[in-house]
Amino acid sequence: MTARRARTLRLLQDEVTSCRRCPRLVAWREEVAATRKAAFRDETYWGRPVPGFGDPDATVVVIGLAPAAHGANRTGRMFTGDRSGDWLFRAMHRAGLANQAESRHRDDGLELHGAYVTSPVRCAPPGNQPTPAERDACRGFLDAELALLPQARVFVALGGFGYQVVADLLAVPRPRPRFAHGLEVPLGEGRTLLCSYHVSQQNTFTGRLTEPMLDAVFLRAVQLGAGSVPKPG
């Protein structure tokens, strides 16, 4: 069954990478790939939508915002090749969810164990700000992805954008709790929506998000993913 789901996930990933639904995002991702950043001027950019990746038997699903222009839009793998990914995969490695702490390029040997990483929007948006229409155009991909991860028990939303999208997809009733770092929203059937500040440089450089704060979120995610455990007092 896992092998069949893995094949279906690969087919979905192929569908994601061929998407051209959003003219503004298509133009931007391809412009960035053509002009490139000086530090990466000798590299060939991915310049396409970026699919999710990870373990088909994941109990923990990490949901970001969108690919970074010179990160995943360059490397072709979520949170790979930029400082945000450095923070994320160091924390996931410390939590036992990744086999290594670095994520430089999509063939660097990184493997996720019990975890899957994705985002609501698959193309790098100008200013890192997708429009509501672009968010909605991508929604079907995330919905299909989550349906192919039936063992997922914990959904780690990085930032308010991811929180709102996942809360909509998983039908969290309104009024909903306001987004906050460390927020836990029970989803029923042993599932939990768990929130963290995004691993953006804006948060990590200013100290709004620290490594101990991020470690605490992923420790909690691993605890919740392993089964029913009480919330710390």
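The values are calculated or read from the model by the stated rules, or taken from the named source; none is laboratory data. Remember, predicted model here, so these are calculated numbers, not experimental data. No Cβ is skipped: glycine too gets one built from the backbone with ideal geometry, and neighbour counts run over all protein chains shown.
Of the residues making up the range 164-187, those that are surrounded by 12 or more Cβ atoms within 10 Å (Cβ to Cβ) and closer than 19 Å to Glu145 by Cβ are Gln164, Val165, Val166, Ala167, Asp168, Leu169, Leu170, Val172, Leu187.
Of the numbered criteria (1) within 19 Å of Ser119 (Cα to Cα); (2) modelled with pLDDT under 95; (3) among the charged types (D, E, K, R), the one Asp168 fails is (2).
For the range 184-203, a residue qualifies if it is touching a helix residue (DSSP H, G or I) at 6+ places or on another chain (Cβ under 8 Å), assigned to a loop (DSSP other than H, G, I, E, B) and free of Cβ contacts under 8 Å to residues at least 60 places away in the same chain, and exactly one does: Tyr197.
Among the residues making up the range 3-23, a single one is surrounded by fewer than 19 Cβ atoms within 10 Å (Cβ to Cβ), touching a helix residue (DSSP H, G or I) at 6+ places or on another chain (Cβ under 7 Å) and in a helix (DSSP H, G or I): Leu12.
With the condition kept exactly as written, say whether any residue in the range 204-227 is among the acidic types (Asp, Glu), closer than 30 Å to Ala27 by Cβ and in a helix (DSSP H, G or I). Checking the range 204-227: not a single residue is among the acidic types (Asp, Glu), closer than 30 Å to Ala27 by Cβ and in a helix (DSSP H, G or I). Residues considered: Leu158, Leu146. Of these, the only one that is over 25 Å from Arg5 (Cα atoms) and touching a Ser or Thr at 6+ places or on another chain (Cβ under 9 Å) is Leu158.
Scanning the range 77-86 for residues that are more than 13 Å from the chain's Cα centre (by Cα) and surrounded by 22 or more Cβ atoms within 10 Å (Cβ to Cβ) returns Gly81, Asp82. Counting the residues of the range 55-104 that are in a loop (DSSP other than H, G, I, E, B), in contact with a strand residue (DSSP E or B) (Cβ under 8 Å, 6 or more places away or on another chain) and within 30 Å of Pro126 (Cβ to Cβ) gives 5.
Please count how many residues of the range 27-42 are assigned to a loop (DSSP other than H, G, I, E, B) and more than 26 Å from Ala91 (Cβ to Cβ). Qualifying residue count, the range 27-42: 3. Consider the range 37-60 and keep the residues that are touching a residue at least 24 places away in the same chain (Cβ under 8 Å), more than 23 Å from Phe155 (Cα to Cα) and not hydrophobic (A, V, I, L, M, F, W, C). The one that is surrounded by the fewest Cβ atoms within 10 Å (Cβ to Cβ) is Lys37.
If the condition is being surrounded by fewer than 19 Cβ atoms within 10 Å (Cβ to Cβ) and hydrophobic (A, V, I, L, M, F, W, C), then the range 113-145 contributes Ala133, Ala137, Ala144. Taken over the range 188-211, residues that are surrounded by 16 or more Cβ atoms within 10 Å (Cβ to Cβ) and at pLDDT below 95 amount to 0.
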